[in-house]
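**Student:** The structure that follows is given in the form of structure tokens.
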Amino acid sequence: MKAHVDGRFWLNVSDRGFLGAGRIELLERIGETGSISAAARSMGMSYKAAWDAVEAMNNLAEQPLVIRQAGGKRGGGTRLTRFGHRVIHHYRAADEAYRRFMEQLEERLSDLGDVVGFMRKMSMRTTAANHFQGRIREIRTGAVNDQVSVDIGGGQDVVAIVTRAAVGDLGLVEGGEVQVLFDASSVILAEDNPALRCSARNRLCGTVIETRDGAVNGEVKLRLAEGRVLTAIVTSESLAAPWLAVGSRVCALIKAPHVMLAVNT
């Protein structure tokens, strides 16, 4: 599938939306018709939405863009100010420059393959609290299930147990990129003690950077190697333990069957 660059030019003032293509079209139609209501009808907008947009622009601009005129045979109307005409002219010029930039960027898409792929990975949405990008280090084949070891960086591996059918369906191969996901409720926290022995295949150790207590459960965030953050759900009673205080070294234990793998198609 060919990637396509798209976007819209928008101007903000004081971190608030000021001008975009829709508002510029509204200003132009007010200039043509001399009426907010007529301009709104021609754009399929309500009068209130059109007037709210005009009011927002007038409030943010250094001078009014639109003013109301009272009196006259037709009972007054609305007109663009000279400043409003200038704003339209400069917006159209800036928008044309923006469009030329977008066209040049699209021409260079062939050089942005890795960047585009990264952006697709970042756009993935999931209910799993823990989501890491990694590269498959090893696949050990079993009779029914396979063991997949994924390097998530910083010398830390995550092991997942998946069916052989899933390995084939996902096209998992050693050296391939894969997404690693697991729920916060699947994580067990323990003190960072090298002598501790447990049945969980995965042991990811880091520093507690945040704790958040809730009505029933609490949330703990660990900073792992290379800035990665892991989230665990614990009971409120557990959250009170001194070894879970911010700054403590803690290990997250995750059973391999609780780890899910995903790939970008």
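**Student:** So which residues in region 203-232 are closer than 14 Å to D183 by Cα and among the polar types (S, T, N, Q)?
**Tutor:** T231, the sole residue that qualifies.
**Student:** Right, D169: within 14 Å of P257 (Cα to Cα) and not β-branched (V, I, T) or not?
**Tutor:** Numbers: within 14 Å of P257 (Cα to Cα): no; not β-branched (V, I, T): yes.
Spelling it out, it is not the case that D169 is within 14 Å of P257 (Cα to Cα) and not β-branched (V, I, T).
**Student:** Still on this structure: Check every one of the strands (runs of 3 or more DSSP E) wholly within region 155-258 and list those with 3 or more residues that are crowded, with 18+ Cβ neighbours inside 10 Å and either in contact (Cβ under 8 Å) with a residue 12 or more places away in the chain or outside the structural domain of R137 (by TED's automatic domain parsing) (or both). Spell out how you get there, then give the answer.
**Tutor:** Numbers: elements: 157-163, 177-182, 188-191, 202-213, 217-223, 229-235, 249-254.
It comes to 157-163, 177-182, 202-213, 217-223, 229-235, 249-254.
**Student:** Still on this model: Whether any residue in region 230-237 is under 15 Å from I152 (Cα atoms) and within 23 Å of the chain's Cα centre (by Cα) is what I want to check.
**Tutor:** Just the residues of region 230-237 that are under 15 Å from I152 (Cα atoms), to begin with: 230.
Filter once more, so that each one left must be within 23 Å of the chain's Cα centre (by Cα): 230.
Yes: region 230-237 contains one or more residues that are under 15 Å from I152 (Cα atoms) and within 23 Å of the chain's Cα centre (by Cα).
**Student:** Have a look at M1, M45 and point out the one that is under 31 Å from the mean Cα position of the chain (by Cα) and at pLDDT 85 or above.
**Tutor:** On the way: M1 fails: at pLDDT 85 or above.
Answer to the check: M45.
**Student:** Of these, A70, A21, A38, which one is at pLDDT below 70 and either over 30 Å from N264 (Cα atoms) or hydrophobic (A, V, I, L, M, F, W, C) (or both)? So that I can check it myself, show each step before the final result.
**Tutor:** Working: A21 fails: at pLDDT below 70; A38 fails: at pLDDT below 70.
Matching residue, one of A70, A21, A38: A70.
**Student:** Also, quick follow-up: Checking V144 against (1) in contact with a helix residue (DSSP H, G or I) (Cβ under 7 Å, 6 or more places away or on another chain); (2) at pLDDT 85 or above; (3) over 30 Å from E32 (Cβ atoms): exactly one of these is not met. Which one?
**Tutor:** Exception for V144: condition (2).
**Student:** Another question about this same structure. Only one residue in A160, A200 is under 18 Å from Q147 (Cα atoms) and modelled with pLDDT of 90 or more, so which one is that? Give the steps one after another, and end with the answer.
**Tutor:** Numbers: A200 fails: modelled with pLDDT of 90 or more.
Result of the check over A160, A200: A160.
**Student:** Select from region 36-54 the residues that are outside any helix (DSSP H, G or I) and not polar (S, T, N, Q) and write down the one among them that is surrounded by the most Cβ atoms within 10 Å (Cβ to Cβ).
**Tutor:** If we filter region 36-54 for residues that are outside any helix (DSSP H, G or I), which is where we start, we get 44-46.
Right, trim to not polar (S, T, N, Q) and you get 44-45.
Working: G44: 7, M45: 19.
Looking at the filtered set, the residue picked out is M45.
**Student:** Here is a further query. Which condition breaks for I136 when tested against (1) part of a loop (DSSP other than H, G, I, E, B); (2) closer than 21 Å to R228 by Cβ?
**Tutor:** Against the list (1) part of a loop (DSSP other than H, G, I, E, B); (2) closer than 21 Å to R228 by Cβ, I136 comes up short only on (1).
**Student:** A further question on this structure: Of all residues in region 141-154, how many are over 29 Å from the mean Cα position of the chain (by Cα) and either surrounded by 18 or more Cβ atoms within 10 Å (Cβ to Cβ) or part of a loop (DSSP other than H, G, I, E, B) (or both)? Walk me through how you get there before you give the answer.
**Tutor:** Our first condition is that a residue be over 29 Å from the mean Cα position of the chain (by Cα); within region 141-154, this holds for 141-147.
Those left that are additionally either surrounded by 18 or more Cβ atoms within 10 Å (Cβ to Cβ) or part of a loop (DSSP other than H, G, I, E, B) (or both): 141-146.
Here the count works out to 6.
The values are calculated or read from the model by the stated rules, or taken from the named source; none is laboratory data. Worth saying up front: this structure is predicted, and the values here are computed from it rather than measured. Here the Cβ is made from the backbone with ideal geometry for all residues, glycine too, and neighbour counts use every protein chain on show.
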